[in-house]
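*Asks:* Next up is a structure, given as structure tokens.
The values are calculated or read from the model by the stated rules, or taken from the named source; none is laboratory data. These numbers come from a predicted model, not from an experiment. Note that we place each Cβ from the backbone using ideal geometry, even for glycine, and neighbour counts take in every protein chain shown. Ligands, DNA and RNA are stripped out before the accessible areas are found, and what is left, the full protein with its side chains, is counted by its heavy atoms. Shrake-Rupley method; radii C 1.70, N 1.55, O 1.52, S 1.80 Å.
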Amino acid sequence: MLRFILRRLLAGVFLLFVVSSLAYLFLYLGAGDIARQILGVSATQEQVAQKATELGLDQPLATRYVDWLSAAVRGDFGTSWFNNQPVVEAITSRLAVTLSLVIGTTILTAVVATALGVWAAKKRGAADRLVQIVSVLGFAIPGFLIAIFLVNVFALNLGWFRPTGFVQLGTSFPGWLSTVTLPILALSTGAIAAIASQVRGSVIDTMRQDWVRTLRSRGLSENRVLYKHVLRNAGGPALAVLAVQFVGLLGGAIIVEQIFAIPGLGPVAVGSTARGDIPLVMGLVVVTAAIVVVVNIVIEILHGFLNPKARIS
Amino acid sequence: MSESATTPTPDVATEVRAARSHVGRRLLRNPTGLAAIIVLTVMILLAIFADVLAPMDPSKANIQDVLAPASDAHPLGADSAGRDVLSRLLFATRFSIAGALWAVLIAAVIGVTSGLLAGYYQKWFESVSVWVVSIIQALPGIVVLLAARAVIGPSIWLIMAVFGVILAPAFYRLTYAAVVGVRNELFVDAARVAGVGDASIIGRHILSVVRAPIIIQAALLAGIGIAVQSGLDFLGLGDTNVPTWGQMLSDAFSRMYQAPILLIWPSLAIALTSISLVLFGNALRDELERAAGKPKKRRRGAAAYVPDASGPAPVTHVEDGDDARSVLLQVDDLVVGYDQPGGGVKQVVNGVSLQVRKGEVHGLIGESGSGKTQTAWSILRLLPDGGRIVGGSVSFDGKDLAHSSENEMVKIRGRRIAYIPQEPMSNLDPSFTIGSQLVEPMTVALRVSRAEARKRALELLARVGIPNPQRTFDSYPHEVSGGMAQRVLIAGAVSCEADLIIADEPTTALDVTVQADILDLLRDLQNDLHVAVLIVTHNFGVVADLCDRVSVMQDGRIVETGPARSIFRDPQHPYTRSLFDAILEDGAARGPLAHSADRNTLPERSAR
């Protein structure tokens, strides 16, 4: 088990290295005259040259990359070009907010999607068609559109929630819950749609397995076999979809945070992108890729727990 | 947000079969498909003729018209800069759809090309592709786009081209799977032998197979493209000179308190287009599957089906007279059918009658497809989806199982009637240890404690001849051999002290050497426990080994029944005789049967 995790971590670190190197290369090669962009058109040629030296842009790309990498390994991602805030500080202060949102969404998604999928697989008929329709709608309609709809109906018209703002999870749980309810609902619809139809499909497939008949022939009730045996076996494929959805949720959170004015990574990402603040963008890329690597390892461990065959490899 | 990898990948094998049928025409007859096509066609026409239809320049701002309500001059009102909403909506349709199509086009070109190359030439190309895909998927699409936006600027075409690269793996996977599938089919080899060039092979065979799945995937990805493009514009990262649905949404959202109505038009356009694209993709896939002959959902209302149990009466051999054991299982005129898509019922068992007495071993013999297994499953009331008993009765110890509720059946199964399946490896739950699968039914059916059940399970494993019971108890099914697994299943079947064991071809899936051991085990257990056994088989050797009485089944009917000895001595029905002939032909392995016709006896193993 430990060896498995270590091997995965090693592969993850390598992937992280490749992704960040590619991002660095593309970002700096793609960028134009960075110092000019920062200072604006009114700056003199000397000022621009001085700024470039200050930022180390007069060095060759390879040197800069090695410097960046060796600093990054030590946990230093430089400072923002625009407000001189250290990148690590800008990200860590907001990471928890986004993670609380995304993890809350993942939990809600897993519970609701499993319930819907099992319900559809078990009842078939009208329940099945209803879940399929919900899946199509959830899959098709973008999350931010649902967010806008929810703000309009539940915050502006009904006044049940505040349209914007955020309370830290550590400050007050009810406060946090009331500020994240709408964002989580908006984020989860697409993921619920995808996972519910996956759960439905794999439960139906698993129910057709020979061993289901054999277990029932021993006097176990259909429900017992369904909830204990079938669900565990159907869980593997659903987890794989959940992993993909989690990555999507990280992206979706950026837009949804903007709508609800939640001080997570979203505003940082949008702001740094619009200004071309490359150190901050690089920091975000590395952090997001690292989260994805960790989540994939966690999902693989969970998968091994559900499916003993997956434990060996 | 939906990401590319979540799109349901169509089953390639299905498409291979369906590739040649006229799916397009069927799609127009599918109501959802037709509706989706109409909506999409209208959208595309609006996009093409936006210049003609739009009453004004979409970018012409007029301070006097800021947030103007609907009027003759502005049929849908004006936005926060006083621009005409209808004109903007029409042009936004053009740019939003074009942006999405552009991304899909790039994704398709990259994905299909690399998929064709990787699938056709495999080897190194394949492993490189795997790495590229995992790098692309290491980041959420939006984050990659944001990073790209930081350096390439707000151009919708550049951004959507980058998005096309991100989406390419979806097409790559699809094409790759299809190519590998088709490649292994004979016709490509045949074409190769016939001297057709590589490019021509790819062109002619493989593209015709992947065409439909690519269209489905393109529809789903276009929806995602629209969502992502609108999302970026909504964040204010797009080119403000190009009107898109996202731009309109962003503008409307900033004025949500003053003019919430402005949100409706772009929202509606995005939702309608996205839903139509998904429905179009789904309808196309449904039609492909239907064309490939996959059954549609079954319908209800088949209950009025009148079973047909008529047929010639079976040849019944006279009883030996010394068998006065009472009847345990009495099946009368059992008819089993499967509901068909069209509403009919397909009969697989056409009026089977048979008797199993207490403590006897009864052989149910016939070729595969004769309905033996269906009969066995219907006694347990464990028929697969769509199958049901449509006529006759199954009387077990005075109780009619054919009309018992599921709750009553749960009490019968395991405790009164047990089951040994045919294929040992697929009949154990792969996710639980063998031990827990033995313990659980005992705690439920016999209401014994977990510790007691565990003790009994270990004893049973020893009893069925497993050398190291504790190790097998702790193993997972994939860690034991087929013969071991079958012993475990036999242990499970006898664990709850049933009165009748239904064994469905218990040796067919095993090695010849193991078969004899398993039969010996069954015979020993039957002698010890005096349990009645209904053994389903296609092998007269098994019948000869074990059975007191036999019923011969053909085409869902019993054609001959009686004491085993009597049927072996004097088979009446031509089908029974043909089954005998079959074992005589390959009978060498089972002893000197070929020379024993005059003695009318069985292979001597039965006397052991």
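*Asks:* Would you pull out the residues with amide H under 5 Å of B:V390's amide H, same chain only if 5 or more places away, H placed 1.01 Å from N?
*Replies:* The answer is B:V335, B:V336, B:G337.
*Asks:* Okay, moving on. Given 0.36 nm per residue, what is the gain on full extension from A:A261 to A:L25 after removing their alpha carbon distance, in nm?
*Replies:* Computed gain between A:A261 and A:L25 is 81.7 nm.
*Asks:* I need the phi-derived Karplus couplings for region B:536-548: 6.51 cos²θ - 1.76 cosθ + 1.60, θ = phi - 60°, integer Hz, Gly and Pro marked x.
*Replies:* 8, 7, 10, 10, 5, x, 4, 4, 4, 4, 10, 8, 7
*Asks:* I would also like to ask the following. I'd like the carbon and sulfur percentage of the solvent accessible area for region A:2-73, probe radius 1.4 Å, heavy atoms only, ligands and nucleic acids excluded.
*Replies:* 67
*Asks:* Putting +1 on Lys and Arg Cβ atoms and -1 on Asp and Glu Cβ atoms, find which of A:A155, A:P60, A:I133 reaches farthest to the positive end of the dipole of the protein assembly as shown.
*Replies:* So the residue furthest toward the plus end is A:A155.
*Asks:* What's the FRET efficiency of B:K346 with A:K228 using the Cβ-Cβ distance as r and R₀ = 30 Å, to the nearest 0.05?
*Replies:* So the FRET efficiency works out to roughly 0.35.
*Asks:* Also, quick follow-up: State to the nearest 20 debye the size of the charge dipole of the protein assembly as shown about its Cα centre, where the only charges are +1 on K and R beta carbons and -1 on D and E beta carbons.
*Replies:* That gives the protein assembly as shown a dipole magnitude of about 760 debye.
*Asks:* Just to check I understand the Karplus step: with θ = phi - 60° and J = 6.51 cos²θ - 1.76 cosθ + 1.60, what whole-Hz values come out for region B:103-109, glycine and proline as x?
*Replies:* Coupling constants for region B:103-109: 4, 5, 4, 4, 4, 5, 4 Hz.
*Asks:* Further question: Relative to the present Cα-Cα distance, how much length would full extension add between A:I107 and A:V73 at 0.36 nm per residue of separation?
*Replies:* 9.0 nm
*Asks:* Which whole number gives the average count of other chain Cβ atoms within 10 Å of the Cβ atoms across peptide B:476-489?
*Replies:* 1
*Asks:* For B:L534, enumerate residues with amide H under 5 Å from its amide H, sequence gap 5+ or separate chain, H modeled in the peptide plane.
*Replies:* Placed amide hydrogens put B:H362, B:I501, B:I502, B:A503 under 5 Å from B:L534.
*Asks:* Using each residue's phi in region B:367-372, evaluate 6.51 cos²θ - 1.76 cosθ + 1.60 at θ = phi - 60° and report the 3J(HN,Hα) Karplus result to the nearest Hz, with x for Gly and Pro.
*Replies:* My calculation for region B:367-372 gives 6, 5, x, 7, x, 4 Hz in order.
*Asks:* Of A:F139, A:F161, A:F26, which has the largest mean-square fluctuation in a 10 Å C-alpha GNM of chain A?
*Replies:* A:F26
*Asks:* Ignoring ligands, DNA and RNA, how much accessible area is buried between chains B and A, both sides summed, with a 1.4 Å probe, to the nearest 100 Å²?
*Replies:* That pair hides around 6500 Å² of surface in total.
*Asks:* Next up: Normalised by the empirical 2.2 N^0.38 Å for globular proteins, what value does the Cα Rg of region A:91-310 take? Spell out each step's value before the answer.
*Replies:* Values: Rg = 19.6 Å, N = 220, 2.2 N^0.38 = 17.1 Å.
Working it through for region A:91-310, the quotient is 1.14.
*Asks:* Follow-up question, since we're still on this one. Out of A:I204, A:L10, A:G117, whose Cα points farthest toward the positive end of the dipole of chain A (charges: +1 Lys, Arg; -1 Asp, Glu; placed on Cβ)?
*Replies:* The residue sitting farthest along the positive end of the dipole is A:I204.
*Asks:* Another question about this same structure. Using the Cα centre of the protein assembly as shown as origin and beta-carbon charges of +1 (Lys, Arg) and -1 (Asp, Glu), tell me which of B:A177, B:S127, B:G246 is placed farthest towards the positive end of the dipole.
*Replies:* The residue sitting farthest along the positive end of the dipole is B:G246.
*Asks:* First select every other residue whose beta carbon is under 11 angstrom from the beta carbon of B:R577; then total the charges, Lys and Arg +1, Asp and Glu -1. The partial results should precede the final answer.
*Replies:* On the way: positive: none; negative: B:E560, B:D570, B:D581.
Overall, the nearby charge balance is -3.
*Asks:* Right, another one. Note down the magnitude of the dipole of region A:2-73 about its Cα centre, charges +1 on Lys and Arg C-beta and -1 on Asp and Glu C-beta and zero elsewhere, to the nearest 20 debye.
*Replies:* Numbers: 6 positive and 5 negative charges, 120 e Å.
Dipole magnitude for region A:2-73 comes out near 580 debye.
*Asks:* Normalized C-alpha radius of gyration of the protein assembly as shown, against 2.2 N^0.38 Å?
*Replies:* 1.16
*Asks:* So, one more: Can you compute the FRET efficiency between B:D400 and B:S449 using 1/(1 + (r/R0)^6), with r the Cβ-Cβ distance and R0 = 22 Å? Round to the nearest 0.05.
*Replies:* Here the calculated transfer efficiency is 0.05.
*Asks:* For all pairs of alpha-carbon atoms in region B:320-471, what percent lies in each bin of width 5 Å, listed from the first bin to the last filled one?
*Replies:* Calculated over all Cα pairs of region B:320-471, the distribution is 2, 8, 14, 17, 17, 15, 13, 9, 4, 1, 0 percent.
*Asks:* On to the next question. Amide H neighbours of B:V345 under 5 Å, counting only residues 5+ apart in sequence or on other chains, H built in-plane at 1.01 Å?
*Replies:* Those qualifying (amide H under 5 Å, at least 5 residues apart or on another chain) are B:Q340.
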